[in-house]
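The values are calculated or read from the model by the stated rules, or taken from the named source; none is laboratory data. Everything numeric here is computed off the predicted structure, so don't read it as measured data. Cβ placement follows ideal geometry from the backbone for every residue including glycine, while neighbour counts extend to all protein chains displayed. Heads up: the accessible areas ignore ligands, DNA and RNA and are worked out on the full protein's heavy atoms, side chains in. Shrake-Rupley method; radii C 1.70, N 1.55, O 1.52, S 1.80 Å.
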Amino acid sequence: MSAHSAPAQVPKNVAGGGHGHVAAPDREASPLAKLPKLDVKARLGAAKFVTDGHDFAHITVDPDICDTCPHEMCINTCPAKCFEFVNGRMQFTYEDCVECGTCDIVCTPGSVKWTNPRASFGVNYRYG
Amino acid sequence: MSRSQYQCIVVGGGFAGASAAIRLAQKGVKTLLVERADEGGAKNLSGGILWGNDLAAILPDWKATLPVERPVSNKKVGFLSENGPAFVIDFHDPALKTQTVGYAVLRAKTDKWLLEQAKKAGVTVVTGVNVEGLAKQNGRVVGVQQSGETTYADVVIVADGANSRLTLQGDLRHGHKKLDMDHYALGVKEILKLPRATIEERFGTGTDGGMAGEFVLGRCDGVLAGGFLYTNQDTLSLGVVINLPSMKNQGELTTHDVVEQFRNHPYIQSLVKGAELVEYGAHLVPEGGYQAFSELCGDGVLVVGDAAGFCFSNGIVIQGMNYAVRSGICAADAVAHAVKVGDFSAVTLAQYERNLESDGIMDDFRNFKNVSKFLWNPRLFQKYPDFLANVFRRMLKAEGPKKKMRAHLTEAMKESGVSKADILRDGLNGGMNL
Ligand SMILES: Cc1cc2nc3c(=O)[nH]c(=O)nc-3n(C[C@H](O)[C@H](O)[C@H](O)COP(=O)(O)OP(=O)(O)OC[C@H]3O[C@@H](n4cnc5c(N)ncnc54)[C@H](O)[C@@H]3O)c2cc1C
Ligand code: SF4
Ligand code: SF4
C-alpha cells in the first residue's frame, strides 16, 4: 500500500470484486507523499452549485461493470471525488460533479453514462 | 420541414460560439445562440491568459471594454523538483504593460461580456437552455433538439467546448462514440483570494502589470503534469494540467492530490501563502492537435473551438481562447457564404476549411504536430527538474577546487540518470518543435 492512502477511505472488498489494486509506483521515496491532504470536499464547498433534486442524475454508473474494471481510473482522475468503492461496491455521487467529462473518457469498460445536467443545475463558476 | 426562423443556430457561448455569432450578425445572418449556463461563462474555466489580438477582427475596441484581470508583464517558466528546489526563468518587461501581448482573464466575467456584445450585434441570445442533440433529417442537420422539441435552422455551428456531447451525439467524430483519453488533458484549478496590494508587492507587478507562470512538475511516479500560476486583480489562478493516461496505475493518487502538491511546493507556497481558496473547478483541455480534430463540417453543420480540437496545449502553455475566436470567425464567414449561394451542403460549407487554411490555423497545428509528444516526454518531468537542481546545487557549493560547469553537468547527469544523448535528443526535439 502506498503512502498515499486517502483519509477515511472505506477499504474495498478486494476478495469479492476482483478489483485489487494495480501495483502503484513506490512513493515512499517522494517528499510529495508526506504532504498533508486537504479534503477535496471542503474545497468543493468553495464552488457554487445548484443541486438538482434527487430525481435526475446526469451521470450514472453500472456497479456490476465496475466490479470487473481493470484500472478504476475514475477514482484517480475525478477531480471532485465522486467515485468511491464502499464495501466493495462502486458508489457514485453526482452532486459534487463539476461536469468536466473526465470519467466518461477514462471509463473504458463502459460503466459511465454521461449527459449534461439539466439547464440551470450543476456547477456555477463565479470566476472560472 | 417547418420554415427556419433562424438562418444559423450557434450552440455554446464560449469564445468560439460568441465570436461566430457576433461575426454572423455583423454579416446580416439571422442568428440564435444557445448557452446552457444561466449566465454566460458560469460553466467555463480556463487558466487563463488570452493571448494576441484576435478579437479585434469582430470587436475592434475590445481592449477598452473586455473585463480583463491584468496584462502579462512578467513571465516565469520553471522546473520544480519534488524534493524542493526550483529552477525558474523570470522575465520582466515593463513595456508589456502598455504594448500588451496577453491578459489574465476569468471566464465568468469575459464570457458574460461576450454574450452582451453578441446581443448588441443583433444575435438572439438564449441562456439556461441545454441543447440535447442535433436534429437530423435524411442525414442532414436541420436544427437542434431540446426537451423533445426541434428548433430549425439552415445551419448549426457546434461550439460546445472540449467535452463536446454534440459532436458525439451527432456522429461528427469519425465514427468514435467516446472522446479519446490520449487526446485530452485535465485541468484542475483553484482561485485564491489575496489582497490586491499584497499581489502587487509580492509579484512586483505594480498596479498595471501581471505575472504568468508555467511550471514543469518534477515527479518520480510518472505522472505528467504542468502547473500554472497567474495573477488576477485580487485573486490568483493556480492549477495543474494533467496528462490523463499518466494517471493510470497510480494507486490512490488522485488529480486533486496533484494540484495540492503543486500548491505545496515551497516555491509556489512562497507566492501563494496567506491566500484564501474561493473556488475550485476542473475542465478538459484538448491536446491531440491535428490528429484529433473532429469532423469540421457536414451537411448543415460546422464545428468550432475546443469542440473541434482547436486548442494547443503542451501541458505548460495552453492556447485555446485565441483559436476559438479565429475558428469561430472562419466558420461564420463560411456560413455567410453559404447563405449567399443558398446552399448548406457539406460541399459548400467546406469553405470553412479553406478559411482555416488561409487564416493560418491549420498551418499552426501542422507545425505543432509533435509538440505535445515532446513536452509530455517523461524525462522532462521525471529527470530534468532534479537534474537542474543538481547542477545548481553543485555550482553553489563552494567546497573544494572550483570545477568547470562541464564537470558539474557531468556529475549532475550521473546523479539524475540523464544521459548526454537524452539531453541532445530532447534539446533538438524541443528546438525543432517549438
Ligand atoms: C485549466 C485550463 C487552462 C487553460 N488556459 C488557457 C490559457 O491560458 N489561454 C488560452 O488561450 N486557453 C486556455 N485554455 C483553453 C481554453 O479555455 C479553451 O480553448 C477555450 O475556452 C475554448 O473555447 P470554446 O468556446 O471552444 O469552448 P468553451 O469555452 O468550453 O465554451 C463552450 C460553451 O458551450 C456551452 N455548452 C456546452 N454544451 C452545451 C449544450 N449542450 N447546450 C448549450 N450550451 C452548451 C458551455 O456552457 C460553454 O459556454 C485553458 C483550458 C483549461 C481547462
Ligand atoms: S473506470 Fe468505469 S468501470 Fe472502472 S471503476 Fe470507474 S466507473 Fe467503474
Ligand atoms: S464529470 Fe468530472 S467531476 Fe463529474 S463525476 Fe465525472 S470526472 Fe467527476
| query | In the full protein assembly as shown, how much of residue B:105 is accessible to a 1.4 Å probe, in Å² to the nearest 10? | reply | 0 Å²
| query | What is region A:43-125's relative contact order, in percent, from Cα pairs under 8 angstrom and six or more apart in sequence? | reply | 46 percent
| Phi-based couplings in Hz for region B:179-195 (Karplus 6.51, -1.76, 1.60; Gly and Pro marked x) | 6, 8, 3, 5, 9, 9, 10, 10, x, 10, 9, 10, 9, 10, 8, 8, x
| Between residue B:182 and residue B:421, what is the spin-label point distance in nm, taking each point 7 Å from the Cα along the Cα→C-beta axis? | 2.5 nm
| task | Tell me which residues come under 5 Å, amide H to amide H, from residue B:287 once H is placed; ignore anything under 5 positions away on its chain. | result | B:184, B:185
| field | Signed unit charges on C-beta, dipole axis of the protein assembly as shown, positive-most listed residue A:88, A:50, B:217 | value | B:217
| said: Quick check: the angle from helix B:384-396's long axis to the longest principal axis of chain B, C-alpha only, nearest 10 degrees? | reply: 30 degrees
| task | Return the whole-Å distance between the Cα centroid of region B:132-147 and the Cα centroid of region A:53-85. | result | 30 Å
| task | Averaging sequence separations of C-alpha pairs under 8 Å and six or more residues apart, then dividing by the length of chain B, give the relative contact order as a whole percent. | result | 20 percent
| said: Let me cross-check residue A:58: its accessible surface, 1.4 Å probe, with only protein heavy atoms counted, in Å² to the nearest 10? | reply: 10 Å²
| remark: Sorted by chain and then number, the residues having a modelled amide H within less than 5 Å of the amide H of residue B:13, at least 5 places away or on another chain, are B:36
| task | Could you grab the relative contact order for region B:182-286? Cα pairs under 8 Å, six or more apart, rounded to a whole percent. | result | 42 percent
| remark: Surpassing 22 Å at the alpha-carbon level, of the pairs B:63/B:193; B:76/B:189; A:113/B:109, are B:63/B:193; A:113/B:109
| message | At 1.4 Å probe size, what's the solvent-accessible area of residue B:196? Round to the nearest 10 Å². | response | 110 Å²
| said: Using a 1.4 Å probe and counting only protein heavy atoms, how much accessible surface gets buried when B and A come together, both sides summed, in Å² to the nearest 100? | reply: 5000 Å²
| field | Placed amide H near residue B:43: partners under 5 Å, 5+ positions off or other chain | value | A:125
